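Engineer: One structure, pasted below without further comment.
The values are calculated or read from the model by the stated rules, or taken from the named source; none is laboratory data. Since the structure is predicted, the reported quantities are computational estimates derived from the model, not experimental observations. Here the Cβ positions follow ideal geometry from the backbone for every residue, glycine too, while neighbour counts run over all protein chains shown. Note: accessible area is taken over every heavy atom of the protein model, side chains too, but ligands, DNA and RNA are not part of it. Shrake-Rupley method; radii C 1.70, N 1.55, O 1.52, S 1.80 Å.
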Amino acid sequence: MSTSPSERVLEAFHPAVRTWFERKFPEGPTEPQIEGWPAIAQNVDTLIAAPTGSGKTLSAFLICIDRLYQRAAKRSEDFCLDAPEQKVTEVVYVSPLKALGADIKKNLDEPIAEIAEIAKKLGCVVPEIRVAVRSGDTTPSQRAAMLRRPPQFLITTPESL
């Protein structure tokens, strides 16, 4: 029995990430997600041009969240939990508008928290995932904190980049 393209792309995700997606979007992935995820997962530069609300932003972010879960699971399997976790910014989202940055952060914080809850219930390792917004209004102390403890996801504006 062959699987659909939708099922194939979801099979690659960590169980907690896949479970979250399937519960949140029972209709399955959108075409931009089905087409985009394999390329993004292979580190291929990917441009997704699709209408608003088609899941473009989630296409990129979910792969990145998944990588953090996959890495945490691998460290657990290798009994490397004492090894320091990588503390670098892995994703930089450049928002043309400062106000949009706050929305993007909310759209990241929600799935990150929901996936963590599912992972706990599944008995999976839950990686610490931090999201920060840096704009012209970011205080010097907030900027210093981001340098000391970099978020995995940084949302910024072109001016602040």
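Engineer: If you go through the range 117-125 one residue at a time, do you hit one that is assigned to a helix (DSSP H, G or I), among the aliphatic types (A, V, I, L, M) and open to solvent by 60 Å² or more (accessible area, probe 1.4 Å)?
Structural biologist: So in the range 117-125, the residues assigned to a helix (DSSP H, G or I) come out as 117-122.
Subset that is among the aliphatic types (A, V, I, L, M): 118-119, 122.
Okay, now just the ones that are also open to solvent by 60 Å² or more (accessible area, probe 1.4 Å), so 122.
The answer is yes, given that some residue of the range 117-125 is assigned to a helix (DSSP H, G or I), among the aliphatic types (A, V, I, L, M) and open to solvent by 60 Å² or more (accessible area, probe 1.4 Å).
Engineer: Failed condition for residue 155, given (1) open to solvent by 40 Å² or more (accessible area, probe 1.4 Å); (2) of a type in the set (A, V, I, L, M, F, W, C); (3) at pLDDT 90 or above; (4) over 21 Å from residue 76 (Cβ atoms), with all others met?
Structural biologist: Among (1) open to solvent by 40 Å² or more (accessible area, probe 1.4 Å); (2) of a type in the set (A, V, I, L, M, F, W, C); (3) at pLDDT 90 or above; (4) over 21 Å from residue 76 (Cβ atoms), residue 155 violates only (1).
Engineer: Another question about this same structure. Looking at the range 44-52, is at least one residue surrounded by 15 or more Cβ atoms within 10 Å (Cβ to Cβ) and among the acidic types (Asp, Glu)?
Structural biologist: Taking the range 44-52 as the starting set, the residues that turn out to be surrounded by 15 or more Cβ atoms within 10 Å (Cβ to Cβ) are 46, 48, 50.
Filter once more, so that each one left must be among the acidic types (Asp, Glu): none.
No, every residue in the range 44-52 fails to be surrounded by 15 or more Cβ atoms within 10 Å (Cβ to Cβ) and among the acidic types (Asp, Glu).
Engineer: I'd like to know if the range 129-145 contains one or more residues that are open to solvent by less than 50 Å² (accessible area, probe 1.4 Å), assigned to a helix (DSSP H, G or I), at pLDDT 95 or above and among the small types (Gly, Ala, Ser).
Structural biologist: no
Engineer: OK, next. Write out, first by first residue and then by second, each pair whose Cβ atoms fall under 9 Å of each other, whose residues are 6+ apart or on separate chains, and whose first residue, in the range 136-149, is within 14 Å of residue 160 (Cβ to Cβ) while the second is among the β-branched types (Val, Ile, Thr) and surrounded by 10 or more Cβ atoms within 10 Å (Cβ to Cβ).
Structural biologist: Taking only residues 6 or more apart or on different chains, the pairs are 136/157; 138/156; 146/89; 146/138.
Engineer: In the range 22-31, which residues are surrounded by fewer than 20 Cβ atoms within 10 Å (Cβ to Cβ) and either in contact with a Phe, Trp or Tyr (Cβ under 8 Å, 6 or more places away or on another chain) or in a helix (DSSP H, G or I) (or both)?
Structural biologist: 22, 23, 24, 31
Engineer: Next question. Can you tell me which residue in the range 66-95 is modelled with the lowest pLDDT, limited to those that are touching a Pro at 6+ places or on another chain (Cβ under 7 Å), in a helix (DSSP H, G or I) and aliphatic (A, V, I, L, M)?
Structural biologist: Within the range 66-95, the match that is modelled with the lowest pLDDT is 72.
Engineer: Within the range 6-21, track down each residue that is surrounded by 14 or more Cβ atoms within 10 Å (Cβ to Cβ) and part of a helix (DSSP H, G or I). Give the derivation first.
Structural biologist: Of the residues in the range 6-21, the ones surrounded by 14 or more Cβ atoms within 10 Å (Cβ to Cβ) are 6, 9-10, 12-21.
6, 9, 10, 15, 16, 17, 18, 19, 20, 21 - these are the residues of the range 6-21 that are surrounded by 14 or more Cβ atoms within 10 Å (Cβ to Cβ) and part of a helix (DSSP H, G or I).
Engineer: Please name all residue pairs, on different chains or six or more residues apart, with Cβ atoms under 7 Å, provided the first residue is in the range 23-49 and is more than 13 Å from residue 8 (Cα to Cα) and free of Cβ contacts under 8 Å to residues at least 24 places away in the same chain and the second residue is surrounded by 15 or more Cβ atoms within 10 Å (Cβ to Cβ) and not aliphatic (A, V, I, L, M).
Structural biologist: Here the result reads 39/46; 40/46; 40/59; 46/36; 48/32; 48/36; 48/56; 48/59, each pair linking the range 23-49 to a residue that is surrounded by 15 or more Cβ atoms within 10 Å (Cβ to Cβ) and not aliphatic (A, V, I, L, M).
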